[in-house]
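The values are calculated or read from the model by the stated rules, or taken from the named source; none is laboratory data. All values derive from a computational prediction rather than experimental measurement. Here the Cβ is made from the backbone with ideal geometry for all residues, glycine too, and neighbour counts use every protein chain on show.
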């Protein structure tokens, strides 16, 4: 029986962790938490994640050999990367840079991309004012430019090798087109380096399988 148990759904936040687990070849079990059916509000799940969000993991052999529950996708990625010594640079400067970009995703990419998707895809009937969609479209495009500039001629954010920050960011980029259908709204074709970046990420063994874990 695997030590890691993943509780998730195939949203960008969930895919971050499942893609990492598959790419790192870490044995795990997975349980689907269907947020459309309010699975996240059950008493059993709240014991694992008091914030009732996905994903979460339980490590049956956590610190001191005791069972350990972890919420927040960025915290999960950092925990797993350190425990299994995968996709986290050993060089202290690059490690710091990796963690900075991970926090960039958690603080900016996730919230802004998510708010964009809410107003662009779902809130049309409830909010017919153009301001929210314009505001979040502009911010998403600004963040995409930040990522585009960082990539330069690199395959991944820090160079030739992927790190946990890439696992955090790319599922959200994929979501803009694949789920929100916002290619035209955001002029995604203008971001040539990001397109190559997505393809490089998808070529990592295990990533495509990870994207489908706990599918809707």
Practice problem: Quickly run through region 171-210 and pick out the residues that are in contact with a helix residue (DSSP H, G or I) (Cβ under 6 Å, 6 or more places away or on another chain) and under 20 Å from residue 84 (Cβ atoms). | Solution: 171, 201, 204, 206, 207, 209, 210
Quiz item: Within region 107-119, can one find any residue that is within 21 Å of residue 82 (Cβ to Cβ) and either surrounded by fewer than 16 Cβ atoms within 10 Å (Cβ to Cβ) or assigned by TED's automatic domain parsing to the domain that holds residue 31 (or both)?
Solution: yes
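Table: residues versus (1) at pLDDT below 95; (2) surrounded by fewer than 16 Cβ atoms within 10 Å (Cβ to Cβ).
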{"residue": "9", "(1), (2)": "no, no"}
{"residue": "20", "(1), (2)": "no, no"}
{"residue": "23", "(1), (2)": "no, no"}
{"residue": "26", "(1), (2)": "no, no"}
{"residue": "31", "(1), (2)": "no, yes"}
{"residue": "36", "(1), (2)": "yes, yes"}
{"residue": "41", "(1), (2)": "no, yes"}
{"residue": "46", "(1), (2)": "no, yes"}
Practice problem: Could you tell me which of the residues 110, 124 is closer than 26 Å to residue 54 by Cα and not in a helix (DSSP H, G or I)? | Solution: 124
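If only one of 165, 81 is within 18 Å of the chain's Cα centre (by Cα), in the same structural domain as residue 18 (by TED's automatic domain parsing), surrounded by 13 or more Cβ atoms within 10 Å (Cβ to Cβ) and within 30 Å of residue 62 (Cβ to Cβ), which one is it?
81
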Quiz item: Could you say whether any residue in region 170-184 is more than 30 Å from residue 39 (Cα to Cα) and at pLDDT 95 or above?
Solution: yes
Exercise. Output the qualifying pairs, or none if there are none: Cβ atoms under 7 angstrom, residues six or more apart or on different chains, first residue in region 39-50 and closer than 17 Å to residue 62 by Cβ, second residue not in a loop (DSSP other than H, G, I, E, B).
Key: 48/7; 48/56; 48/58; 48/69; 49/56; 49/71
